[in-house]
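Here's the structure we're looking at; comments come further down.
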Amino acid sequence: MHSARRADDIAPFEVMEVLARAHALEAAGRHVIHMEIGEPDFTAAPAVVEAGARALRDGRTAYTSALGLPQLREAISAFYATRLGAQVPASAIAVTAGASGGLLLALSALVDPGQEVLIPDPGYPGYRQFVRAFEGVPRAMPVHAAAAFQPTLEGVRDAWGARTAGLILGSPSNPTGTMIQRSELQRIAEFIESRGGFLVVDEIYQGLVYGEAPWTAAGMGPGVIVVNSFSKYFCMTGWRLGWVVLPEALVRPYEKLAQHLFICASAIAQYAALAAFSAESIAVFEARRAEFQARRDYFVPELERLGLRTPVRPAGAFYIYADCSAHAPDAKRFALDLLDRAGVAATPGLDFGENGTRSCVRFAYTRGLDELREAVGRLREFCGG
Ligand code: PLP
């Protein structure tokens, strides 16, 4: 049967090969430490789980409005005010099926066929596919360690062409965990606004920032769209819930698309998420943030000692993007050998683009400290340290 070119052209995920091999090793009785997967090893806070169960028992399972439950949009707006000191009206917030649903709908409202969208390389692989889904042209924009693997105004200005519609970036970034400076982002937003373009800022890891005051790009300008999610900080990956903050002019076009393409996000997840902002739940999530920070603070220096250099210290998320060129000429080879010989699974850099990615691997510290210590022992033996 015929399948569309946009599906045929998608590059396979290298990490899937790692995952398949990890599963085969496990089936043969080996123990594997999984550091290739980008999701928290925690579940939602107890009050969220209870609110979800209550929604089910009470039959609160009907469609909601396309932009989400009004009380959830209000709760997210209040979260911006109390946590980030940002004034984001509930009317600008649309609840989505994860950040993925938000990116898909936002780009469906923004990208015309043939328009180019700038995407950081290395960066989250989904961005390319969301652009392609609407016949846009993803244009890789190399980002470098010197600028914390984030776009610079100069880079954006140089890359911007007659057909460029906008830029998508993630901060903290997947795979590097690094953040863009607020002042640089502001300058980029102003430049893009002067070109009539859009700036999508993926803040899915915004809740997981360590040792720096958190901030948001929401409200930074009329062309700025912020994407966020309950997946990471709130540890609700499988619940499929997120949100976007939209400029006023985009709310109605977005809403019409959302009505047709999704109808709404999961009602059960939305009722459950209302309990995510209570002091009790936030205390749970903050304890986990501290746990992630402790893991980062343990793992980064251990990797450095083994010659797995982290070009830029990650400020957030739960990823370490490490240079493995001291141990292998090719990161995929390194990842496969590391798995086979040491039973530690990591993601080859190639999944995140072409720019220097063949010498890097991503470790997700989504394992407890005990398992991380075990991983370091195995890495030490593997690297001959
Ligand atoms: N954006 C980034 C940078 C991610 O890392 C992910 C998931 O790993 C997503 C978006 C999609 O997340 P979700 O759809 O679960 O909210």
| request: Taking 7 Å along the Cα-to-C-beta vector as the label spot, tell me the HIS144-THR61 distance in nanometres, rounded to one decimal. | output: 5.6
| note | Descending packing, highest mean Cβ count within 10 Å first, for 242-249, 132-139, 77-84 is 242-249, 132-139, 77-84
| Roughly what % of Cα-Cα distances in region 66-212 sit above 23 Å, to the whole percent? | 38
| note | With ARG358 itself left out, Lys, Arg at +1 and Asp, Glu at -1 over residues whose Cβ is under 9 Å from its Cβ give -1
| Which length gain, in nm to one decimal place, applies between ASP340 and SER3 when the Cα-Cα distance is subtracted from 0.36 nm times their residue separation? | 117.8 nm
| query | Can you tell which of PRO151, GLY123, PRO138 lies farthest toward the positive end of the dipole of region 118-264, using +1 and -1 charges on the Cβ of basic and acidic side chains (Lys, Arg; Asp, Glu)? | reply | PRO138
| note | Taking N as the number of residues in region 66-150, the ratio of its alpha carbon radius of gyration to 2.2 N^0.38 Å works out to 1.33
| task | Could you please report the charge total around PRO40, scoring K, R as +1 and D, E as -1 over all other residues with beta-carbon less than 9 angstrom from its beta-carbon? | result | 0
| remark: At R0 = 25 Å the Cβ-Cβ FRET efficiency linking GLU381 and MET16, nearest 0.05, sits at 0.40
| region 225-280: radius of gyration and largest Cα-Cα distance (Dmax), Å | 12.6, 37
| note | Rounded to a whole number, the Stokes-Einstein D of the chain in µm²/s (Kirkwood radius over Cα pairs; 20 °C; 1.002 mPa s) is 100
| note | Eigenvalues of the alpha-carbon gyration tensor of region 269-342, times 5 and square-rooted, give semi-axes in Å, largest first, of 35, 15, 10
| said: If I stretch the segment between ILE263 and ARG54 completely, what's the gain in nm (0.36 nm per residue apart, minus their alpha carbon distance), one decimal? | reply: 73.0 nm
| task | For the chain, give the magnitude of the charge dipole about the Cα centre (Cβ charges: +1 Lys/Arg, -1 Asp/Glu; no others), in debye to the nearest 20. | result | 240
| Residue with peak Gaussian network fluctuation, the chain [Cα springs, cutoff 10 Å], from GLU304, GLU193, GLU26 | GLU26
| task | Express as a percent, rounded to the nearest 5, the fraction of DSSP beta bridges in the chain (both residues included) that run antiparallel. | result | 45
| message | How would TYR124, TYR210 line up from fewest to most surrounding beta-carbon atoms within 10 angstrom? | response | TYR210, TYR124
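None of the figures in this text is laboratory data; all of them are computed from the coordinates on show. Treat the numbers as computed from the prediction; the structure is a model and nothing was measured. Here the Cβ is made from the backbone with ideal geometry for all residues, glycine too, and neighbour counts use every protein chain on show.
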